[in-house]
Amino acid sequence: MKNLLTIKDLRVYYYLREGTVRAVDGVNFFMKRGETVGLVGESGSGKSTLGLSILKLVASPGKIVSGKILFNGNDITGWNEKKMRLIRGSRISMVFQDPMTSLNPLMRIEEHLVETIRTHQKISKAEAKKKASLLLNEVGIPPERSGDYPHQFSGGMRQRIGIALAIALNPDLLIADEFTSSLDVIVQFQILSLMKKLKASHRMGLIFISHDISLVSEIADRIALMYAGQIVEFAPADVFFSEHLHPYSEGLLNSVPNIELSDQKLSYIPGMPPDLVHPPEGCRFYPRCPYGEDICKRKEPPLVQIEKEYMVKCFRYDGKKSRT
Amino acid sequence: MKKSIWLSVSGMMERKVELKVVNLKKYFPVQKSFLERLLSGKIEYVQAVNRISFEVRKGEVFGLVGESGCGKTTTGRLITRLIEPTEGKIFFKGEDVTFIQGERLREFRKYVQIIFQNPYASLNPRMRIGEATGHPLEIHGIATGEKKKKMVLEMLEKVGLEPAKKFYDLYPFELSGGQRQRVAIARAMILNPELVVADEPISMIDVSLRAKILELMLMLKEERNLTYVFITHDLAVAKYISDWIAIMYLGEIVEIGRKEQIFSTPYHPYTKALLSAIPVPDPKREKKDIKLKGEVPSSINPPSGCRFHTRCNFTKDKCQNLKPSLKMVDKDHYVACHLY
Amino acid sequence: MSEKVEVKYSISRFIVSKIKNIFPQKGTEYFALVGFILILLIILMAIFAPFIAPYNPIKKVGDILQEPSSKFLLGTDGLGRDVLSRIIFGARTAILVTLLAVSISLSFGVLLGLLSGYTGGKFDTVFSLVMDAVYSFPGLILAIVLAAMLGPGILNTAVAIAVIYTPTYFRMVRGLVLSLKESLFVEAARAIGANDRTIVFKYIFPNVISSIPIVLSLNAADAVLTLAALSFLGLGLPAPTPDWGFDLRAGHAYLASKIWWPSTFPGLMIVILTLGFSLLGEGLNEILNPELRR
């Protein structure tokens, strides 16, 4: 089965006055239709930049320096703005943490949906309106509120409208960047359930970007953990949580409070993330790694394929073809 | 209407009550434009905190938990007297500090301090770390010059900012978020307070570094026999660090008790919903989904009676008309709900 | 290339590389340097006027309206005074009045802005109204009225000009104070027990001053022109004080007869000084509030 999205050795750098920030520095990634990948990382990991670069939304002074992005088999790496606009919103959609990024404050939400639909599809206004009300119903917005303006809705409802806009044209892939981070825990749960439902009914692929590993575990089929611009572990979700092979994965999971455990011993990872302008030569996690060895300091670790769909970027597993 | 002053006899026997809050209320008038005021006439209020009462004993970590808009941050501001209550009383070590001013208020600040949520905004960008940390000493006339510098360097080392001499001269923008938060902690601790309100102290810190801050806070607590009021929206963190927990909803306390009690046997429907919604890093776990209707209503026009009744799956007629008061349901466990 | 030229070339390259170290980015930032140099030159001109000027600026030293020559580099004016010496000494009044005016308006504007913004209430309402009223008045007209009322003299002129610029500083500082008042670090200052005075001067003021230099420079540019306008109209400084605006007016009458030098050179100096302050202001803005590199 052809992959929905394949990313090969992608590098995205920001050219700032202080230096060149290597935000995404050699990322290999793939996902299939209908899959949900949880892209997890802390601040500075590059996860948002990765999400934006798929849609070529990386703002200057950022730039895609090298690598390939293949969507549905097409190499979209070199596509210009004009071509990207054809797929943005219609084949690949993106939703963000701040709902007001996507919502026009001066447009009634139904209007906005209708416009979005008619920009990409040649159908009548009446038909588009019908589609719009179906969408609003799907995301849980009561029909009597379709004539309201964004500011009249709560945060959770605005995110629902954002989803409606994003899936209006039945895209193959939806990218959600810290989509629920500004929401309270109960609303977050509701939105997550909604996304799961819609993902299935629309048969969409979903890249769920978040710093919250617990949250991601609720929705992801596979987890891609990023650190300092690189993916360090890429595994099916249940395997990730039970194995967590990369030392960073282990450290991260040990620092997350688990409400189901009593007497949990919470720990932290000593040190700080590296400077992305001058990243270290070898493994970027080496300075904070409890298992680091000399080779880790000198050379960049390879992306080891443990199993068909399980990859770890670590010398500890180099040469090993199983999980022992 | 019953007065809901809440006393815990058994609790008071064990440890001294450090902080007591009685029927605390804070209503903020809604800002309206001239025209709006002209047209509507009446003044509306954001009922941020609506008659809450609780006690915090010396040496304990009191977790104040709730979603945004529940009034927990306002409560924190009230306890530290950064704002004045609309009604109610605040007692610190038995003394009524509700409306103290001037010198008395300044004295009070030596005992009760606060750590804020946002380490990027709580430090004066134009003040060097050493100066900022030592400023409380200067203000209260405790130390100046060399003596002050020595105390500051000691404190910076204590919070893990080493070498202290280096950090002394830096500006906040040269520090990471986690480091800045440690400066904020140093600044709060340098006066040797007895009660510290921590308002979401780790929510803006990277996940892998949060436990470091918590560890620091717990270490300081042990060393100095501190009492914390720990405000957070994250129940998992509250579970980790608190001894007692109060769950707030729309300005009121709906459930309060010893941590173990709250998590093993939650009573209030809101608490149960909250617990079921919290993500757990375990994809294999069976999830019990409590479908809660709607969203948090506005605190300007809150629901009558029990404020939670509009979303509750077990609501009865009584709930709409009569506000439930906190009742004891177990040892060290109180709930405000008509179900019990 | 001869050795001398080689040496000059390498020296200038060295200087340019040093400048490039301070201002690595091409473009608007260089304005600040250029502006600063211009202003510096004029200030030096003012300070060392008695040593640089070839003649006494207020005495008749030659025939009237002589063309620029080796004896009188920029010619003589309608009263036989050396134009060059007059513009050199003119720098004194220009710099003195401008800086005095700007200092007065800055001191009052910033202080009142701080107090008014922080105190709020009726005090703030009253002061804001007053400042808004002054601000909305066409500046030059107000300056003319005040200068006429106060009469001639360096201090009086400076005050007249200062009044019209005080609201600029007031409004800017007050706006900043209003937003800073609500910031978290001010609340934190309150939490550690700081009183109002400490908060205003140690927490709020230091975060306000960074915005001042830019406004100051652009303000000074404007003040130079206002002063020139006042002098042009005969208000401000008494004759025979060397003053560019005054000389511009005096020389203006002879332009029809193609006698250009008594008015052109004072006019040029006004332009240069104004330009200097403007460039400094724009350049500072670029340095302190840089835009992302494209």
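How much mean residue ellipticity at 222 nm does the protein assembly as shown get from its helices, if each DSSP H run of length 4 or more adds -39500 (n - 2.57) and you divide by all residues, to the nearest 500 deg cm²/dmol?
Values: 34 runs with 417 residues, N = 958.
Counting only the DSSP helices, I get -13500 deg cm²/dmol.
Is chain B rounded, prolate or oblate when judged by the Cα gyration tensor, a ≥ b ≥ c being the square roots of its eigenvalues, rounded requiring a/c under 1.5 and prolate requiring a/b larger than b/c? Numbers along the way, then the final one.
Working: a/c = 1.72, a/b = 1.51, b/c = 1.14.
Cα axes put chain B in the prolate bin.
Legend: mean number of C-beta atoms from other chains within 10 angstrom of residue C-beta atoms, peptide C:178-190, equals 5.
Note on chain B: with a GNM built from Cα contacts shorter than 10 Å, the maximum mean-square fluctuation among B:A143, B:A238, B:A188 falls on B:A143.
Which whole-number percentage describes the relative contact order of chain B, with Cα contacts under 8 Å and a sequence gap of 6 or more? Show your work: numbers first, answer last.
Working: 599 pairs, mean separation 69.1, N = 340.
RCO, chain B: 20 percent.
A straight chain from B:M151 to B:K165 at 0.36 nm per residue would run longer than the Cα-Cα distance by 3.8 nm. Applying a 4.7 Å Cβ-Cβ cutoff to chain A, the cysteines left without a disulfide-compatible partner are A:C289, A:C314. Applying 0.36 nm per residue to the separation of A:K82 and A:D294 and subtracting their alpha-carbon distance, the gain on full extension is 71.4 nm. Size of the protein assembly as shown: Rg and Dmax of its alpha carbons, in Å, are 34.5, 111. The modelled label-to-label distance between A:A200 and C:T264, using points 7 Å beyond Cα along the C-beta direction, is 8.8 nm.
What does the C-alpha gyration tensor say about the overall shape of region B:1-145? Classify as rounded when a/c is under 1.5, otherwise prolate if a/b is larger than b/c, or oblate. Note, shape of region B:1-145 comes out oblate.
Take the Cα of B:S33, step 7 Å toward its Cβ, do the same at B:Y340, and the gap between the two points is 4.8 nm.
Highest GNM mean-square fluctuation among A:S48, A:S262, A:S214, for chain A modelled with Cα contacts below 10 Å: A:S262. Ordering B:V97, B:V296 by the number of other Cβ atoms within 10 Å of each residue's own Cβ, fewest first, gives B:V97, B:V296.
Taking 0.36 nm per residue of separation and subtracting the Cα-Cα distance, full extension of the segment from B:M219 to B:E174 would add 13.6 nm.
A Förster distance of 56 Å, applied to the separation of the beta-carbon atoms of B:I142 and A:D238, puts the FRET efficiency at 0.50.
Considering every residue in B:66-72, what mean count of other chain Cβ atoms within 10 Å of its Cβ is obtained?
Working: counts 1, 6, 6, 1, 1, 0, 0.
So the per-residue partner count for this stretch is 2.
Take the Cβ atoms of B:D317 and B:K293, set R0 to 25 Å, and the FRET efficiency comes out at 0.90.
Give me the inter-chain shielding for A:246-254: mean count of other chain Cβ atoms within 10 Å, whole number please.
Numbers: counts 0, 0, 1, 0, 0, 1, 4, 4, 2.
Taking all residues of A:246-254 together, the mean is 1.
Label positions at B:E286 and B:N301, each projected 7 Å from the Cα along the C-beta direction, are separated by 4.3 nm.
Classify chain C as rounded, prolate or oblate, taking a ≥ b ≥ c as the square roots of the eigenvalues of its Cα gyration tensor: rounded when a/c is under 1.5, otherwise prolate if a/b is larger than b/c and oblate if not. Oblate, because a/c is 1.5 or more while a/b does not exceed b/c.
Can you give the relative contact order of chain A as a percent, counting alpha carbon pairs under 8 Å and 6+ residues apart? Could the numbers behind the result be given before it?
Details: 592 pairs, mean separation 64.9, N = 324.
Here the relative contact order equals 20 percent.
Distance from the alpha carbon centroid of region B:266-330 to that of region C:26-90 works out to 83 angstrom.
When chain C is treated as a Gaussian network with alpha carbon springs shorter than 10 Å, the biggest mean-square fluctuation among C:T241, C:T157, C:T168 belongs to C:T241.
What order, most packed first, do the peptides B:107-113, B:214-220 have when packing is the mean number of other Cβ atoms within 10 Å of each residue?
Result, highest mean first: B:107-113, B:214-220.
Over 31 Å apart at the Cα level, from the set A:K2/B:K288; A:K82/A:K313; B:K148/B:K212; A:K47/A:K308; B:K20/B:K239; A:K63/A:K313, are A:K2/B:K288; A:K82/A:K313. Scoring A:101-108, B:164-171 by mean Cβ neighbours within 10 Å over their residues and listing the highest first yields B:164-171, A:101-108.
Read the figures in this text as sums done on the coordinates, not as results from a lab. Computed from a predicted structure; not experimentally measured. Cβ sites come from the backbone with ideal geometry, for glycine too, and all protein chains shown count toward neighbours.
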